[in-house]
1. For the structure I just gave you, tell me whether residue 113 is over 22 Å from residue 53 (Cβ atoms), within 14 Å of the ligand (Cβ to nearest atom) and either touching a residue at least 24 places away in the same chain (Cβ under 8 Å) or part of a strand (DSSP E or B) (or both).
2. Keeping to the range 76-92, report how many residues are under 15 Å from residue 134 (Cα atoms) and either in contact with a strand residue (DSSP E or B) (Cβ under 8 Å, 6 or more places away or on another chain) or within 11 Å of the ligand (Cβ to nearest atom) (or both).
3. Take the range 125-161 and flag every residue that is out of contact with any strand residue (DSSP E or B) (no Cβ under 6 Å at 6 or more places or on another chain), within 11 Å of the ligand (Cβ to nearest atom) and not in a helix (DSSP H, G or I).
4. Can we say residue 65 is part of a helix (DSSP H, G or I), touching a residue at least 40 places away in the same chain (Cβ under 8 Å) and either in contact with a strand residue (DSSP E or B) (Cβ under 9 Å, 6 or more places away or on another chain) or farther than 18 Å from residue 138 by Cα (or both)?
5. So the check is Cβ under 8 Å with 6+ separation or different chains; which pairs have a first residue in the range 34-56 that's under 10 Å from residue 74 (Cα atoms) and touching a residue at least 40 places away in the same chain (Cβ under 8 Å) and a second one that's part of a helix (DSSP H, G or I) and within 12 Å of the ligand (Cβ to nearest atom)?
6. Just one of 61, 95 is more than 11 Å from the ligand (Cβ to nearest atom) and at pLDDT 95 or above; which is it?
Ligand SMILES: C[S@@+](CC[C@H](N)C(=O)[O-])C[C@H]1O[C@@H](n2cnc3c(N)ncnc32)[C@H](O)[C@@H]1O
């Protein structure tokens with residue numbers, strides 16, 4: 001373990017910032033205090049298990065980007081578990097991010113929060129993340145927006161970066177058709193009413209991550225495939241063939 005003096009942290013002027021949101025940005029503020037209870041009543045411990053599935057493998061992360069972080073239960077746990085990691089958390093909901101800062105406790109010095117609509121957010125050109133996390137956030141975006149986001153994100157990652165995803169899924173077969181699909185569409189309708197979310201179907205985030213340059217490395221599922229946790233890594237660049245210089 002390193003001494004506190006060697007633990008990196010953000011300065012007070014860097015801790016939290018934001019900018020005006022769009023009119024059509026979903027409004028999760030009013031759910032911030034009840035979100036974890038809604039989750040517990042609908043899916044019991046499963047969403048939490050899904051989020052934390054790969055947490056023990058993240059102790060080597062040094063600079064993480066958590067998108068659509070919500071009330072920060074995962075991020076607070078990552079800060080507790082890994083005393084070297086600095087985290088940038090971006091979300092459109094100030095109330096959710098307040099919950100995260102509160103939850104982080106003394107670790108808040110290694111956390112920077114930003115209130116932003118991620119559909120039009122541009123990453124700082126100097127950013128360099130070795131971990132990206134999206135838990136139950138990509139489903140708030142259309143496939144086009146996930147493509148655009150993934151293309152921006154990869155430019156701000158290190159060659160060995162991982163992207164940890166938790167998501168709902170509709171598996172093939174009768175369970176998918178008769179149970180998972182209606183459950184997902186009910187969730188979309190509920191969040192549409194509660195937050196104004198306009199998206200109504202799961203995006204093809206796998207295609208987006210793959211097109212941006214990530215490949216799936218690990219996956220776990222729960223509830224017969226309704227919940228998925230994944231680790232994506234950056235694709236290794238194939239060595240370019242050296243062209244022989246024409247002999248004179
Ligand atoms: C369903 S919640 C998931 C929160 C958390 N990651 C979790 O695992 O519980 C979706 C989160 O994404 C945020 N969000 C949704 N659309 C967004 C957007 N366009 N830009 C930024 N944040 C957004 C919401 O404010 C909310 O905190």
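1. Judged against the criteria, residue 113 is a match.
2. Number satisfying all stated conditions: 7.
3. 141, 142
4. When the stated conditions are applied, residue 65 does not pass them.
5. Going by the 8 Å Cβ cut-off, the qualifying pairs are 51/73; 51/74.
6. Working: 95 fails: more than 11 Å from the ligand (Cβ to nearest atom).
Residue meeting the stated conditions: 61.
Yes/no matrix, rows are residues, columns are (1) under 15 Å from the mean Cα position of the chain (by Cα); (2) more than 21 Å from residue 146 (Cα to Cα):
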{"site": "60", "(1), (2)": "no, yes"}
{"site": "69", "(1), (2)": "yes, no"}
{"site": "78", "(1), (2)": "yes, yes"}
{"site": "81", "(1), (2)": "no, yes"}
{"site": "98", "(1), (2)": "no, yes"}
{"site": "106", "(1), (2)": "no, yes"}
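Let's see how each residue does on (1) more than 30 Å from residue 27 (Cβ to Cβ); (2) at pLDDT 95 or above; (3) touching a helix residue (DSSP H, G or I) at 6+ places or on another chain (Cβ under 6 Å):
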{"position": "173", "(1), (2), (3)": "yes, yes, no"}
{"position": "179", "(1), (2), (3)": "no, yes, no"}
{"position": "182", "(1), (2), (3)": "no, yes, no"}
{"position": "203", "(1), (2), (3)": "no, yes, yes"}
{"position": "206", "(1), (2), (3)": "no, yes, no"}
{"position": "217", "(1), (2), (3)": "yes, yes, no"}
{"position": "230", "(1), (2), (3)": "no, yes, no"}
{"position": "238", "(1), (2), (3)": "yes, no, no"}
{"position": "246", "(1), (2), (3)": "yes, no, no"}
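The values are calculated or read from the model by the stated rules, or taken from the named source; none is laboratory data. Bear in mind that the values here come from a model prediction, so they are computed numbers and not experimental data. Please note: Cβ atoms are built from the backbone with ideal geometry, for glycine as well, and neighbour counts cover all protein chains shown.
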